[in-house]
Amino acid sequence: MGDPLGMAISHAVASGMGGMRAAGDLVARMQMTRGMKIDEAKTYVADKLNVAVSDLTDPVLMTEVRQDLKIGTLHPVPNNPEGIEAKVKIAELLDIDINCVKRLRVS
Amino acid sequence: MGKIWTRFGDGTPVALTESELMRDLEEGTEDAADRAKVAPLSQDELKHLFSIFASPYRFVSVEPGKEVVLSYDGTPLKMWRTQVSVNRIQCLEIYEKLMGADTLELGHVDYSFKPIKPIVGFEQPLMEKALMTTTAPIFYGAMPNLGLYSQPDGPFPNPAELMPEGKIEEAQESYEAAAEEAVKDIVYVCSSLYESGADGIVLDTVGAAGDADFLAGLKACEILKKKYPEMCIELGMAGEFVLGMHGDLTYDGVRLAGLYPQDQVKLAEKAGVTIFGPVCNTNTNKSSPWNLSRAITFMKACGEIAKIPVHVNMGMGVGAVTAHDHPPIDIVSRASKGMVEICRLDGL
């Protein structure tokens, strides 16, 4: 129970990483695929993106980085990858297996 | 300073004096420390919590750089319950594009593995379709919900009826049989969704029906990780300690009944869980400062011992968030900030 503004949005604003407005989805992937704790996951992603750890939650900087690296942006950009196409790039960039990408390649 | 406005655990507003606020913080941490046999919060930590509650602003946040990853349970259900007319893929798109979600979670309205098993063939194409259009990682979530395996909802005699009759062994046997069936259902559903490309699985509200429920979750994780070593499994608990409804069940030689988060996480790690979600239930008769101080004491002990990422449950009615359908942002933001800044958390 509980409404989205009271819980999900409040937590996202108070303490979240911003999802794909910034680099929250990428840091989450390192926890999920490598079991990394938060500091290690942030440092890993920052190194791969060639940015500072403090940049990872900045939506202005990260929009530019995501657009340059073609890893999906909040507002779709013409001729830039979205959805699973962006995840192909994310898997390569972070050097991880993404389940659906792996299965797409096999099929 | 005048009185400080805060709330009770049910959301009712209350004004506390400075000494009342500090007393509630101290009593909350002492209660948790006594129950779980862990260290209480230090005076510096209590002072930090005091400053969070004393803040005059209606919304507070963590300091830049201390942000954590957010994961969710029952994501589409949160919208459907308000009768917003969106389908489940649209829900995920809204979470991803409009709500700053770091991860997404697909779940069925009947959020338990047992009812999902016969319709999993309809859940798989939905997951496959969602994975095509979204970028953030997607979990599939449901609950072991052992209550569905006893009569009249399931095949086994109801332990809640057997126990008052003094049929303790029969009740225990029923719990054990239910757990075995639940493990099969969890493994079947999770395998299907993982083979459809899901990034991870959420076993949610584990332990809701007691120690047999927790055992089912642990055993299912163990089997799934052997089958799919790369599978991400997030195991979220139902309460701060495991109810001993059976009483004698063990995992890896450890009795499950009565375990608190700092011991639950050790077993979760042994079972192969990737992310652990400890819980502290909100006491509606106590103030939010009391609840948050208490919750942080449990979670800090868990976070300090955990080798795997810890995402503390901070939804309605847990983690000091008020037990009300519309959690007030003053308390949610204070709970979020306090929990993240004092515990060494990896997410919520």
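The table that follows gives values for the structure above.
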{"item": "Cβ-Cβ under 6 Å pairs, at least 6 apart or on other chains, region B:96-118 side within 14 Å of chain A (Cβ to nearest Cβ) and on the phi > 0 side of the Ramachandran plot, far side of a type in the set (D, E, K, R) and part of a helix (DSSP H, G or I)", "result": "B:Gly100/A:Arg21"}
{"item": "Tally of residues being crowded, with 24+ Cβ neighbours inside 10 Å and outside any loop (DSSP other than H, G, I, E, B) across region B:274-299", "result": "16"}
{"item": "Odd one out for B:Met127 among (1) facing chain A (nearest Cβ under 10 Å); (2) within 21 Å of the chain's Cα centre (by Cα); (3) touching a residue at least 60 places away in the same chain (Cβ under 8 Å)", "result": "(2)"}
{"item": "Index of the failed condition, B:Ile308 passing every other in (1) more than 20 Å from B:Leu41 (Cα to Cα); (2) touching a Pro at 6+ places or on another chain (Cβ under 8 Å)", "result": "(2)"}
{"item": "Test: residue in region B:301-317 that is of a type in the set (A, V, I, L, M, F, W, C) and touching a residue at least 60 places away in the same chain (Cβ under 8 Å)", "result": "yes"}
{"item": "Flag for B:Ala320 being within 18 Å of the chain's Cα centre (by Cα), among the small types (Gly, Ala, Ser), in a helix (DSSP H, G or I) and more than 9 Å from chain A (Cβ to nearest Cβ)", "result": "no"}
{"item": "Selected residue [under 11 Å from the mean Cα position of the chain (by Cα) and either facing chain B (nearest Cβ under 7 Å) or within 23 Å of B:Lys129 (Cβ to Cβ) (or both)] from A:Ile9, A:Ile71, A:Ile84, A:Ile38", "result": "A:Ile71"}
{"item": "Meets criteria (at the interface with chain A (Cβ under 8 Å from one of its Cβ atoms), of a type outside the set (A, V, I, L, M, F, W, C), in contact (Cβ under 8 Å) with a residue 12 or more places away in the chain and in a loop (DSSP other than H, G, I, E, B)) for B:Tyr72", "result": "yes"}
{"item": "Residue satisfying condition, being over 30 Å from B:Glu123 (Cα atoms) and part of a loop (DSSP other than H, G, I, E, B), within set B:Asp263, B:Asp248", "result": "B:Asp248"}
{"item": "One residue from B:Met132, B:Met79 being assigned to a helix (DSSP H, G or I), among the hydrophobic types (A, V, I, L, M, F, W, C), under 14 Å from B:Asp199 (Cα atoms) and facing chain A (nearest Cβ under 9 Å)", "result": "B:Met132"}
{"item": "Residue within region A:45-55 that is over 23 Å from B:Ile308 (Cβ atoms), hydroxyl-bearing (Ser, Thr, Tyr), at the interface with chain B (Cβ under 10 Å from one of its Cβ atoms) and under 12 Å from the mean Cα position of the chain (by Cα) present", "result": "no"}
{"item": "Unmet requirement for B:Asn313, which otherwise passes all of (1) within 8 Å of chain A (Cβ to nearest Cβ); (2) closer than 30 Å to B:Ala220 by Cα", "result": "(1)"}
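Every number here is computed from the coordinates shown, using simple stated rules; none is lab data. Fair warning: this is a prediction, and the values are worked out from it, not measured in the lab. Please note: Cβ atoms are built from the backbone with ideal geometry, for glycine as well, and neighbour counts cover all protein chains shown.
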